[in-house]
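The values are calculated or read from the model by the stated rules, or taken from the named source; none is laboratory data. Please read these numbers as outputs of a predicted model, since none were measured by experiment. Neighbour counts are summed over all protein chains in view; Cβ atoms, including those assigned to glycine, are modelled from backbone coordinates with ideal geometry. With ligands, DNA and RNA removed, areas are computed over all heavy atoms of the protein, side chains included. Shrake-Rupley method; radii C 1.70, N 1.55, O 1.52, S 1.80 Å.
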Amino acid sequence: AKKGGRNRFEVYRDGMLEEEAKKRFLEQDLSEALAADQLELWYQPLYSLPDRTLTGFEALLRWRHPRRGMVSPAEFIPVAESCGLITSIGAWVIDAACRQAAAWPEHIYMSINVSAVQLRSAALVSQLAQTLAKYSLSPKRIEIEITETAMVENSAQIALTLTSLRALGVRIAMDDFGTGYSSLAHLREFKIDRIKIDRSFIAASQSDPGAAAIVRAVVSMARELQIDTTAEGVEQESQLQSLLEFGCGTAQGYLLGRPLDREAADSVARGLIRS
Ligand code: C2E
Ligand code: CA
Ligand code: CA
Ligand code: CA
């Protein structure tokens with residue numbers, strides 16, 4: 001039993017070391033990714049309902065790693081957040097997304113993900129303001145996606161950042177709505193412009209009446225509060241039909257369009273091809 005116990009300990013410790021080592025490698029490689037031009041933005045189209053016209057794109061970060069191929073942001077963003085690289089990466093994202101938006105027709109908006117780490121810094125607002133000026137881009141063309149986690153902190157700096165962002169004239173969307181711990185009070189307190197209903201509710205909505213009820217209730221609550229809604233992760237026509245019935249304003253998902261590289265997104269944005 002003693003030996004088994006020790007072995008279990010060793011396995012556990014090796015697992016920890018492996019995770020730690022992987023994180024350190026990622027961190028090291030990531031610190032060179034910006035300078036080595038390995039980061040790219042892809043763009044997923046957003047469609048208004050019920051007409052299904054293209055209204056905007058969400059910018060999604062991709063890392064073309066020289067040996068590992070495409071690394072998912074779900075894997076490297078948390079690393080970038082914990083080692084502080086998210087500040088320079090986030091600044092690069094804002095610049096690239098605004099530059100792209102400026103090249104597209106005026107009715108197309110750009111939605112940009114920002115991390116809680118960025119919201120905690122006063123630099124975000126001035127950087128965004130400078131970038132809008134640099135590309136002569138109207139703030140109305142930009143939406144900033146924040147997660148519920150950022151709200152929960154409820155720090156003075158985050159409240160200040162959100163207020164300043166709204167004063168700048170950009171819109172604010174609450175991402176992954178329903179998965180975090182945010183209270184409904186945050187929707188009013190921070191004057192959120194849009195709720196993005198998390199993909200998990202959309203995925204379950206056809207098989208689980210509870211999930212469907214939540215989607216319907218969120219859409220009608222949002223309408224009362226004059227908040228726009230986007231359904232994330234729409235993969236099936238039947239899901240889209242329910243969303244139409246509920247009166248959801250915008251849909252995003254593989255059914256309507258996958259994330260596209262810059263060139264393909266460019267053609268879709270200009271109306272040359274459909275996604
Ligand atoms: P997110 O903001 O919730 O982005 C939506 C994710 O769902 C994207 O994954 C997108 O490719 C995926 N998706 C879209 N439609 C569908 C669908 O119909 N089915 C399924 N199964 N998935 C769908 P992606 O691009 O891998 O991004 C993962 C997460 O990484 C994002 O989740 C976001 O939290 C984070 N992220 C991506 N880009 C950035 C960025 O520039 N900055 C920051 N801070 N985070 C980012
Ligand atoms: Ca998002
Ligand atoms: Ca989301
Ligand atoms: Ca997510």
(message) Would you confirm whether or not the range 198-220 contains a residue that is within 16 Å of ligand 3 (Cβ to nearest atom), under 19 Å from the mean Cα position of the chain (by Cα) and closer than 14 Å to V114 by Cβ?
(response) no
(request) Among what's in the range 197-232 and is closer than 14 Å to L243 by Cα and open to solvent by 70 Å² or more (accessible area, probe 1.4 Å), pick the residue that is nearest to ligand 1 (Cβ to nearest atom). (result) R199
(message) Looking only at the range 119-134, filter to residues that are modelled with pLDDT under 95 and within 14 Å of ligand 1 (Cβ to nearest atom); which one of those is nearest to P73 (Cα to Cα)?
(response) L119
(request) Among the candidates I158, I142, single out the residue that is under 21 Å from E189 (Cβ atoms) and either open to solvent by less than 10 Å² (accessible area, probe 1.4 Å) or among the charged types (D, E, K, R) (or both). (result) I158
(message) Being small (G, A, S), closer than 30 Å to L162 by Cβ, open to solvent by 50 Å² or more (accessible area, probe 1.4 Å) and touching a residue at least 12 places away in the same chain (Cβ under 8 Å) narrows it down to one residue among S115, S31; which is it?
(response) S31
(request) May I ask you to say which residue of A116, A80, A97 is within 16 Å of ligand 2 (Cβ to nearest atom) and modelled with pLDDT under 95? (result) A116
(message) What are the pairs with Cβ atoms under 9 angstrom where one residue, in the range 123-137, is under 12 Å from T161 (Cα atoms) and surrounded by 12 or more Cβ atoms within 10 Å (Cβ to Cβ) and the other, located anywhere, is modelled with pLDDT under 95 and not polar (S, T, N, Q)? Sequence gap at least six, or different chains.
(response) V125/L160
(message) Quick check on my filter: what residues within the range 46-70 are away from ligand 3 (no atom under 15 Å from the Cβ), touching a strand residue (DSSP E or B) at 6+ places or on another chain (Cβ under 9 Å) and of a type outside the set (A, V, I, L, M)?
(response) Y47, S48, R52, T53, T55, R62, W63, R64, H65
(request) Report yes if some residue within the range 59-72 is in a helix (DSSP H, G or I) and open to solvent by 50 Å² or more (accessible area, probe 1.4 Å); otherwise report no. (result) no
(request) Return the total of residues in the range 182-212 being touching a helix residue (DSSP H, G or I) at 6+ places or on another chain (Cβ under 9 Å), within 16 Å of ligand 2 (Cβ to nearest atom) and under 15 Å from T229 (Cβ atoms). (result) 7
(request) For the range 83-98, name all the residues that are without any contact (Cβ under 8 Å) to a residue 40 or more places away in the chain and farther than 17 Å from R62 by Cα. (result) G84
(request) Please specify each residue of the range 241-275 satisfying the condition of being free of Cβ contacts under 8 Å to residues at least 60 places away in the same chain, under 18 Å from D51 (Cα atoms), out of contact with any Cys (no Cβ under 9 Å at 6 or more places or on another chain) and assigned to a helix (DSSP H, G or I). (result) Q241, E245, F246
(message) Which residue is nearest to ligand 1 (Cβ to nearest atom), if the candidates are limited to the range 135-189 and must be modelled with pLDDT of 85 or more, farther than 26 Å from R99 by Cα and part of a loop (DSSP other than H, G, I, E, B)?
(response) T179
(request) Return yes or no: is I192 among the hydrophobic types (A, V, I, L, M, F, W, C), open to solvent by 70 Å² or more (accessible area, probe 1.4 Å), in contact (Cβ under 8 Å) with a residue 24 or more places away in the chain and within 16 Å of ligand 3 (Cβ to nearest atom)? (result) no
(request) Could you grab me the full set of residues in the range 74-89 that are within 18 Å of P259 (Cα to Cα) and either exposed (fewer than 14 other Cβ atoms within 10 Å of the Cβ) or acidic (D, E) (or both)? (result) A74, E75
